[in-house]
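Here's the structure we're looking at; comments come further down.
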Amino acid sequence: MSLRILLDDKIDRLLKNNPDLNDLNKNKFEKAVAAIVNVRHLHGIEFDNLVKGMMGDGGDEGIDLCYLFLNGKPIYDDTIDIDKDINSQSKIVLKLFQVKKEDSFSTDGFRKFVEGIEEIFTLDLSLDKLKRIGANKELLNQIDLIRQVFRKTRLESSDFLVECYFATASIVDDYSEKIKHLQTKLEEFLSMYQIPITFYYWNAQYLLNFTDNKEEKIEFEFEGQPLMVSEKDVLTSGYVGFINGNTLMSILVDENRRFKDELTDGNIRFFLGEDKVINASIIETALSEERSKNFWAMNNGITVIGEEITPTTKESILVKNPQIVNGCQTVHCLYNAYKKNSNYQLPKQLKVFVKLIKANNSDINSEIISATNSQNPVKSISLKANESIQRNIEKHLFKYDIYYERRENYYKRQGKSGLRVISLERLTQIMHSVINKEPITAINDTATIIDSENKYTTLFHEKVDYDIYRFGCELYLKSWSLKNSDIRSGNLEDKERDIISKGGGGFLLIAVLSSLILSDAEFSKGGETTKEKFITTIDISIPQRKNDFSIRKDIAFVIIDNDTEFIRHYNNAKSILFQAIENYEHSTNRNYTKIFKARTFEKDYLIPAIKNFLTCNLAEL
């Protein structure tokens, strides 16, 4: 029982240090487990996406947490175009959790979990029937999406995998023969659909280890003494040499033979898009007793950066918080070859060239990532993180307790959780909604916005007033809290609830709110105080003394800080959004759910609705 008390203490501290998580109206143990394992098992997803995967206390069919990933990124019905986004190169991973604060691995609980998973893949079991037997709305929406995605993967011959996690507060790590039988039964059921499935069983000790492992230290054992590389007055140093393939695998997998995705940080998603022909060739070489002898010569190897690098023996180097920044394709192909062998072994002669680099300066780390991936698709986001404007945004937002993760999972690894942890991708979505008034594009084409220099500089410019990022983040934070209160209240119609509960609905609200608040913000013009309709895009390259945002920002922040005023604007924003959607349905004869893929919705319906409201109500704002 002592372990449970220690785990309770850790969870209480986690919730105390993360108010958004604490205030969330969800099961305490379930939300804590989701936050604890986020970085290692859920790719460090945004807090609102973490919440979306929580299926609720009743009607979850034994599935407490449910997350669906496409090439390492979470997907939802309003953010994915199934026909366009899923192809033969895609890898889908469905992660399902049962989380129970019990003293043992409950057989009854696991049976219900298995039955819930079988219901998902019993495709002729209709959603209506699932609803009648008690499945809740959150689960039904997820099942609908999972089935659509799964059927598309069968057409495209793309990968679809299931991972099952059973987390308890048990002090022991063994589970009953009945659970093993149920596991085998589920494996046989999914084998009909050729779905690989992996099971993980977590007890109190395992969860405690998650909370304690803020820093990870891994020992790399070379074949022979590695070459030390160091120069006087240069901060960066390191070691290079060869590591046996099986030794490398022992470093890169955990006790359940799960590949440690967290070691490759964001780079996993770029491996998944590589040509399968190339991957097959690398795997074939790694499995061949003869060709594997030359693996080191046929492959560029891997590059690992760490905060500290310390020799422990002539052949071994201890690395603190290692990250593989180059060679992701190599290690994943080796892992696939390792799994193909029933003995989980690579040929003994296989060697990999490895560079270990000490770079405890985060900006130097980014420069190394840039240099080692100059021909690699990783450029799109990771390389932007090192730009001076991104560093300046991080510093500016930090003053207001907003943790800007321009470097993936940087603050989550320090125990930060909740809405105030905002990634570069999420900030891009927020600011494109505020600055360019294009929330639909923001949620569907985030990577394109970042890749396109013309679009990127409309959001991130050297002449920018950095308060605009605070403005966007504050709108995001406060509107998220209000819309979730609305969802819980039960006062919304089903259609309205469905709209604002989706991620895209939140960004549409932000776009409207930004116009309403900036229109209501008085400013000085010609020696007089006035206010004007503000519907257009914001040109952040204009100097602050003439910038439409900057001259209004002081009053805008007063409005945001005044709860009564903000709630009034929020309610007006909802009314405007719902009216725009009604106009869209009437004009197009399409269902409201289609707006999240309608690229002209803002221009044709949302902006006119804002303009009409302000024309009639500006004086009363």
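The values are calculated or read from the model by the stated rules, or taken from the named source; none is laboratory data. On a predicted model such as this, the values are computed, not experimentally measured, just so you know. Heads up, the Cβs are rebuilt from the backbone with ideal geometry, glycines too, and the neighbour counts pull from every protein chain shown. With ligands, DNA and RNA removed, areas are computed over all heavy atoms of the protein, side chains included. Shrake-Rupley method; radii C 1.70, N 1.55, O 1.52, S 1.80 Å.
Scanning the stretch 461-483 for residues that are under 24 Å from G418 (Cβ atoms), open to solvent by less than 30 Å² (accessible area, probe 1.4 Å) and of a type outside the set (D, E, K, R) gives I468, Y469, F471, G472, C473, L475, Y476, L477, S479, W480. Annotation note: of F566, F534, the sole residue that is touching a helix residue (DSSP H, G or I) at 6+ places or on another chain (Cβ under 6 Å) and either assigned to a helix (DSSP H, G or I) or within 17 Å of Y466 (Cα to Cα) (or both) is F566. Please enumerate the residues belonging to the stretch 564-582 that are open to solvent by 60 Å² or more (accessible area, probe 1.4 Å) and either in contact with a His (Cβ under 9 Å, 6 or more places away or on another chain) or more than 14 Å from L513 (Cβ to Cβ) (or both). Correct list: T564, Q579, E582.
Being acidic (D, E) and open to solvent by less than 70 Å² (accessible area, probe 1.4 Å) holds for only one residue in E532, E528, E522, and it is E532. Taking the stretch 29-44 as the range and being of a type in the set (D, E, K, R) and touching a helix residue (DSSP H, G or I) at 6+ places or on another chain (Cβ under 7 Å) as the test, the residues that pass are K31, R40.
State all residues of the stretch 290-332 that are closer than 12 Å to G245 by Cβ and surrounded by fewer than 23 Cβ atoms within 10 Å (Cβ to Cβ); if no residue qualifies, say none. Once the filter is applied, which keeps residues that are closer than 12 Å to G245 by Cβ and surrounded by fewer than 23 Cβ atoms within 10 Å (Cβ to Cβ), the stretch 290-332 yields S292, K293, W296, N299, G301, T330. Under the condition of being touching a helix residue (DSSP H, G or I) at 6+ places or on another chain (Cβ under 8 Å) and open to solvent by 10 Å² or more (accessible area, probe 1.4 Å), the residues counted in the stretch 96-111 number 7. In summary, N547 fulfils each of the numbered conditions (1) open to solvent by less than 40 Å² (accessible area, probe 1.4 Å); (2) out of contact with any helix residue (DSSP H, G or I) (no Cβ under 7 Å at 6 or more places or on another chain); (3) at pLDDT 95 or above with the single exception of condition (3).
Cβ-Cβ contacts under 9 Å between residues 6 or more apart (or on different chains), taken from a first residue in the stretch 68-80 that is assigned by the TED database to the domain that holds F150 and within 22 Å of I595 (Cβ to Cβ) to a second residue that is aromatic (F, W, Y) and open to solvent by 10 Å² or more (accessible area, probe 1.4 Å), are listed as L68/Y76. Take E46 and decide whether it is open to solvent by less than 30 Å² (accessible area, probe 1.4 Å) and among the acidic types (D, E). Taking the combined requirement at face value, the residue satisfies it. Going by the structure shown, is E387 modelled with pLDDT of 90 or more, surrounded by fewer than 16 Cβ atoms within 10 Å (Cβ to Cβ), at negative phi and not small (G, A, S)? Here the answer is no, as E387 does not meet what is asked. Screening the stretch 212-225 for residues that are open to solvent by less than 90 Å² (accessible area, probe 1.4 Å) and touching a Pro at 6+ places or on another chain (Cβ under 9 Å) and picking the one that is modelled with the highest pLDDT gives F220.
Just wondering, is there one or more residues in the stretch 492-508 that are farther than 24 Å from P19 by Cα, of a type outside the set (S, T, Y), at pLDDT 95 or above and outside the structural domain of M55 (by the TED database)? Yes: the stretch 492-508 contains one or more residues that are farther than 24 Å from P19 by Cα, of a type outside the set (S, T, Y), at pLDDT 95 or above and outside the structural domain of M55 (by the TED database).
Out of V234, V240, one residue alone is among the aliphatic types (A, V, I, L, M), open to solvent by 40 Å² or more (accessible area, probe 1.4 Å) and not assigned by the TED database to the domain that holds L161. It is V234. Looking at the structure I just gave you, is E585 out of contact with any strand residue (DSSP E or B) (no Cβ under 9 Å at 6 or more places or on another chain), open to solvent by less than 70 Å² (accessible area, probe 1.4 Å), part of a helix (DSSP H, G or I) and without any contact (Cβ under 8 Å) to a residue 12 or more places away in the chain? So E585 fits the description; yes. Restricted to helices (runs of 4 or more DSSP H) entirely inside the stretch 1-112, those with at least 1 residues that are in contact with a Leu (Cβ under 8 Å, 6 or more places away or on another chain) and not charged (D, E, K, R) are 2-17, 19-23, 28-41, 47-52.
Is it fair to say A135 is touching a residue at least 12 places away in the same chain (Cβ under 8 Å), surrounded by 14 or more Cβ atoms within 10 Å (Cβ to Cβ) and in a loop (DSSP other than H, G, I, E, B)? For A135, the condition - touching a residue at least 12 places away in the same chain (Cβ under 8 Å), surrounded by 14 or more Cβ atoms within 10 Å (Cβ to Cβ) and in a loop (DSSP other than H, G, I, E, B) - is met.
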